[in-house]
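Below is one structure, written out as structure tokens; the observations come after it.
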Amino acid sequence: MVAKPTTLTPRGRQSDIVYLRPDRHQVVLGTAGTGKSTMAMLRAAHLAHPITPGSGRVLLVTYNNTLVTYLKYLAPAVATNITIETYGKFARGYLASVGKMPYSGGIASINQRESWVSAAVQRVSETYNPSNFFKRKVRFFLDELQWITGMGIESCDQYIQADRIGRKKPLTDSARRAVWKILDEYRRIRAENHVKYDWYDIASSVRTELAGDNRPRHYKHVIIDEGQDLSPESIRSLVATVPENGSVSFFGDYHQQIYGEGLSWRSCGLNIRSVQRFANNYRNTAEIARVAIAMSQMPHMTGDLNDLVEPIEPSAAGAPPTLVKCKSEQAELSLIQRQAAQFAKSGTVAVLARTWADARRACGSLRVRELAKDLTHWDVTPGIYCGAYHSAKGLEFDAVLMPFCNDQTVPDPEIVAAFGNDEAASREGRLLYVSATRARTDLIVSFTGTVTPLLPTSTDIWARVEL
């Protein structure tokens with residue numbers, strides 16, 4: 001049985017956001033637990049309601065399918081005239097509406113993209129003297145091409161002049177020219193295979209088509225939840241989606257930026273008079289929030305963004321989070337499965353790990369609900385959810401269990417190999433932050449060997465146990 005939510009009720013200053021003017025773009029930045037998804041849903045319902053001055057059809061858009069399912073669960077039963085979907089689904093649908101999306105095979109799959117970028121790197125490397133640059137992990141090149149297209153960079157000269165926001169290791173001009181050649185070669189290979197787009201450059205095509213589309217806009221208002229993970233080009237296309245008397249409302253938290261590394265709403269074409277900032281945490285207990293605050297203050301998390309909001313410790317008290325050192329992996333698996341089963345008797349518990357394989361291994365034979373993209377209903381009855389860190393973005397559970405938080409697993413060695421230690425720490429630290437802040441009342445982090453350096457280990461914020 002799928003439980004439905006009670007009526008969403010704004011808390012504190014949240015109601016101010018719901019009723020902001022409907023004819024201006026808005027940016028709302030808030031740390032974890034400040035109720036951004038609640039505000040986004042309530043604002044969508046307000047702007048869609050026929051009695052609201054300036055009301056109209058609303059698009060509520062976010063990054064992944066699991067969060068779409070959760071937002072649909074949050075949607076008030078009376079909410080109408082609202083479409084909730086991922087940016088990818090919106091983009092594909094819009095291009096189809098203007099006859100620019102092939103019936104099948106229009107967008108490169110993840111495997112196709114990786115294969116074709118690998119081939120492009122190999123072909124371009126053959127035109128150079130032997131260089132270690134081309135021996136980098138393909139993940140580096142995939143990410144760099146994603147960054148280029150997400151920023152809307154249109155030429156090699158523009159790329160050379162660009163500030164590579166969020167990148168810890170600089171690239172020389174000659175390296176950037178090589179990357180641009182790889183991008184050109186990848187696009188050529190993709191075209192040879194009769195595939196028009198990939199999920200990362202599709203936003204530029206949407207924006208181009210909208211610029212020449214004189215039809216009345218389908219949506220009057222756009223609400224963006226977890227906006228920090230959409231590329232600037234995606235957000236620019238969403239700005240172009242609304243009419244001049246419409247609005248875009250952006251909700252985000254740059255501590256939780258896990259997809260669009262280092263990207264900011266400031267480069268997205270939003271004309272903003274003031275930014276609304278929220279620091280009061282309504283989700284976590286004070287004890288869990290202390291861990292989150294300590295995480296947010298670690299050097300790899302602070303970065304140089306102007307949009308980070310410093311969390312404020314909540315007043316609700318609870319049990320201290322537990323950091324468990326296990327003598328063996330078998331002891332760790334037994335701990336996680338035993339605790340998950342116990343918590344699931346009375347509430348929701350999420351077992352979250354760095355990879356899907358680790359999350360599934362930690363859950364063993366337990367009956368679980370996977371936080372996968374094909375999750376169609378959000379169930380708040382007691383039970384166990386299972387997923388990778390990134391799959392829990394925007395969600396919340398009564399308890400969170402985080403196994404395998406050792407220095408050999410987090411940061412992910414593949415990420416370190418592709419991007420280096422500093423950038424890997426920044427990326428992986430945000431994933432840990434996302435995972436830990438999903439917990440309302442109980443948080444258990446376990447490891448064997450040595451704990452990951454990406455977690456704060458102050459003795460006053462953890463209950464420490466050895467098994």
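Say we look at the range 102-111 and pick out the residues that are touching a helix residue (DSSP H, G or I) at 6+ places or on another chain (Cβ under 8 Å) and at pLDDT 95 or above; which of these is farthest from Thr9 (Cα to Cα)?
So the first thing to find is which residues in the range 102-111 are touching a helix residue (DSSP H, G or I) at 6+ places or on another chain (Cβ under 8 Å), and the list is 106-108.
Applying the additional criterion that residues be at pLDDT 95 or above yields 107-108.
On the way: Ile107: 40, Ala108: 42 Å.
Step by step, filter the range 102-111, then rank; the result is Ala108.
Listed here are the residues, each with its yes/no results for (1) among the small types (Gly, Ala, Ser); (2) farther than 19 Å from Leu230 by Cα; (3) modelled with pLDDT under 95.
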| position | (1), (2), (3) |
| --- | --- |
| Phe134 | no, yes, no |
| Cys156 | no, yes, no |
| Ile165 | no, no, yes |
| Leu171 | no, yes, yes |
| Ala175 | yes, yes, no |
| Val179 | no, yes, no |
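Among the candidates Tyr103, Tyr94, Tyr73, which residue alone is among the hydroxyl-bearing types (Ser, Thr, Tyr) and surrounded by 20 or more Cβ atoms within 10 Å (Cβ to Cβ)? Let's see the steps before the verdict.
On the way: Tyr103 fails: surrounded by 20 or more Cβ atoms within 10 Å (Cβ to Cβ); Tyr73 fails: surrounded by 20 or more Cβ atoms within 10 Å (Cβ to Cβ).
It is Tyr94.
A quick yes/no check of all residues on (1) outside any strand (DSSP E or B); (2) surrounded by 21 or more Cβ atoms within 10 Å (Cβ to Cβ); (3) not hydrophobic (A, V, I, L, M, F, W, C):
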{"position": "Leu401", "(1), (2), (3)": "no, yes, no"}
{"position": "Ala417", "(1), (2), (3)": "yes, no, no"}
{"position": "Arg427", "(1), (2), (3)": "yes, yes, yes"}
{"position": "Arg430", "(1), (2), (3)": "yes, yes, yes"}
{"position": "Ser435", "(1), (2), (3)": "yes, yes, yes"}
{"position": "Leu443", "(1), (2), (3)": "no, yes, no"}
{"position": "Ser446", "(1), (2), (3)": "no, yes, yes"}
{"position": "Arg464", "(1), (2), (3)": "no, no, yes"}
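State whether the residues of the range 68-83 include one that is of a type in the set (Ser, Thr, Tyr) and at pLDDT 95 or above.
Going through the range 68-83, the residues of a type in the set (Ser, Thr, Tyr) turn out to be 69-70, 73, 80, 83.
With at pLDDT 95 or above added as a condition, the list becomes 83.
Checking the range 68-83: at least one residue is of a type in the set (Ser, Thr, Tyr) and at pLDDT 95 or above.
Results for (1) touching a residue at least 60 places away in the same chain (Cβ under 8 Å); (2) under 20 Å from the mean Cα position of the chain (by Cα); (3) open to solvent by less than 10 Å² (accessible area, probe 1.4 Å), shown as yes or no for each residue.
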residue: Ala362; (1), (2), (3): no, no, yes
residue: Leu371; (1), (2), (3): yes, yes, yes
residue: Asp379; (1), (2), (3): yes, no, no
residue: His390; (1), (2), (3): yes, yes, no
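Within the range 246-267, is there a residue that is at pLDDT 95 or above, within 30 Å of Ser435 (Cβ to Cβ) and in contact with a Ser or Thr (Cβ under 6 Å, 6 or more places away or on another chain)?
Within the range 246-267, none of the residues are at pLDDT 95 or above, within 30 Å of Ser435 (Cβ to Cβ) and in contact with a Ser or Thr (Cβ under 6 Å, 6 or more places away or on another chain).
Here is a list: Glu185, Glu192. Which entry is modelled with pLDDT of 90 or more and open to solvent by 40 Å² or more (accessible area, probe 1.4 Å)?
None of the other options fit; the residue is Glu192.
If a residue has to be open to solvent by less than 40 Å² (accessible area, probe 1.4 Å), at pLDDT 95 or above and of a type outside the set (D, E, K, R) to count, how many in the range 317-338 make the cut? I'd like the intermediate steps shown before the answer.
Taking the range 317-338 and keeping what is open to solvent by less than 40 Å² (accessible area, probe 1.4 Å), we get 318, 321-324, 326, 331-333, 335-336.
Filter once more, so that each one left must be at pLDDT 95 or above: 321-324, 326, 331-333, 335-336.
Adding the requirement that they be of a type outside the set (D, E, K, R) leaves 321-324, 326, 331, 333, 335-336.
Of the residues in that region, 9 qualify.
Among the residues of the range 35-68, write down those that are within 22 Å of Leu395 (Cβ to Cβ), of a type outside the set (A, V, I, L, M) and touching a helix residue (DSSP H, G or I) at 6+ places or on another chain (Cβ under 8 Å).
Answer for the range 35-68, where residues must be within 22 Å of Leu395 (Cβ to Cβ), of a type outside the set (A, V, I, L, M) and touching a helix residue (DSSP H, G or I) at 6+ places or on another chain (Cβ under 8 Å): Gly35, Ser37, Thr38, Arg43, Thr62, Tyr63, Asn64, Thr66.
Looking only at the range 268-282, count how many residues are under 14 Å from Thr437 (Cα atoms) and either at pLDDT 85 or above or open to solvent by less than 30 Å² (accessible area, probe 1.4 Å) (or both). Write out each step before concluding.
The first filter runs over the range 268-282 and keeps only residues under 14 Å from Thr437 (Cα atoms), leaving 279-282.
With the extra rule that they be either at pLDDT 85 or above or open to solvent by less than 30 Å² (accessible area, probe 1.4 Å) (or both), the set shrinks to 279, 281.
Number of matching residues: 2.
Out of the residues in the range 145-174 that are of a type in the set (Gly, Ala, Ser) and exposed (fewer than 13 other Cβ atoms within 10 Å of the Cβ), state the one that is nearest to the chain's Cα centre (by Cα). Steps first, answer last, please.
As a first pass, look at the range 145-174 and keep what is of a type in the set (Gly, Ala, Ser): 150, 152, 155, 162, 166, 174.
Remaining after also requiring exposed (fewer than 13 other Cβ atoms within 10 Å of the Cβ): 155, 174.
Numbers: Ser155: 28, Ser174: 32 Å.
Looking at the filtered set, the residue picked out is Ser155.
Could you list, in sequence order, all residues of the range 406-451 that are free of Cβ contacts under 8 Å to residues at least 24 places away in the same chain and aliphatic (A, V, I, L, M)? First the steps, then the outcome.
Of the residues in the range 406-451, the ones free of Cβ contacts under 8 Å to residues at least 24 places away in the same chain are 413, 416, 421, 424.
Val416, Ala424 - these are the residues of the range 406-451 that are free of Cβ contacts under 8 Å to residues at least 24 places away in the same chain and aliphatic (A, V, I, L, M).
Would you check if there is a residue in the range 363-375 being closer than 30 Å to Lys135 by Cα and either out of contact with any Asp or Glu (no Cβ under 8 Å at 6 or more places or on another chain) or of a type outside the set (D, E, K, R) (or both)?
Taking the range 363-375 as the starting set, the residues that turn out to be closer than 30 Å to Lys135 by Cα are none.
No - not one qualifying residue is present in the range 363-375.
Residues being within 22 Å of the chain's Cα centre (by Cα), touching a residue at least 60 places away in the same chain (Cβ under 8 Å) and part of a loop (DSSP other than H, G, I, E, B): count how many of those fall in the range 201-240.
Of the residues in that region, 4 qualify.
Would a scan of the range 168-179 turn up a residue that is in contact (Cβ under 8 Å) with a residue 40 or more places away in the chain, within 30 Å of Tyr94 (Cα to Cα) and not hydrophobic (A, V, I, L, M, F, W, C)?
no
For the range 76-91, give me the residue count where each residue is small (Gly, Ala, Ser) and either over 18 Å from the mean Cα position of the chain (by Cα) or open to solvent by 40 Å² or more (accessible area, probe 1.4 Å) (or both).
Pass one, the range 76-91, residues small (Gly, Ala, Ser): 77, 79, 88, 91.
With the extra rule that they be either over 18 Å from the mean Cα position of the chain (by Cα) or open to solvent by 40 Å² or more (accessible area, probe 1.4 Å) (or both), the set shrinks to 77, 79.
The total comes to 2.
Restricting attention to the range 119-144, which residues are of a type in the set (Ser, Thr, Tyr) and surrounded by 15 or more Cβ atoms within 10 Å (Cβ to Cβ)?
Residues of the range 119-144 that are of a type in the set (Ser, Thr, Tyr), as a first pass: 125, 127-128, 131.
The one that is of a type in the set (Ser, Thr, Tyr) and surrounded by 15 or more Cβ atoms within 10 Å (Cβ to Cβ): Ser125.
The values are calculated or read from the model by the stated rules, or taken from the named source; none is laboratory data. As the structure is a prediction and not an experimental result, all values here were calculated from the model. Reconstructed Cβ throughout: ideal geometry from the backbone, glycine too, with neighbour counts over all protein chains shown. Each accessible area value is taken on the protein alone, full model and side chains, heavy atoms only, with ligands, DNA and RNA left out. Shrake-Rupley method; radii C 1.70, N 1.55, O 1.52, S 1.80 Å.
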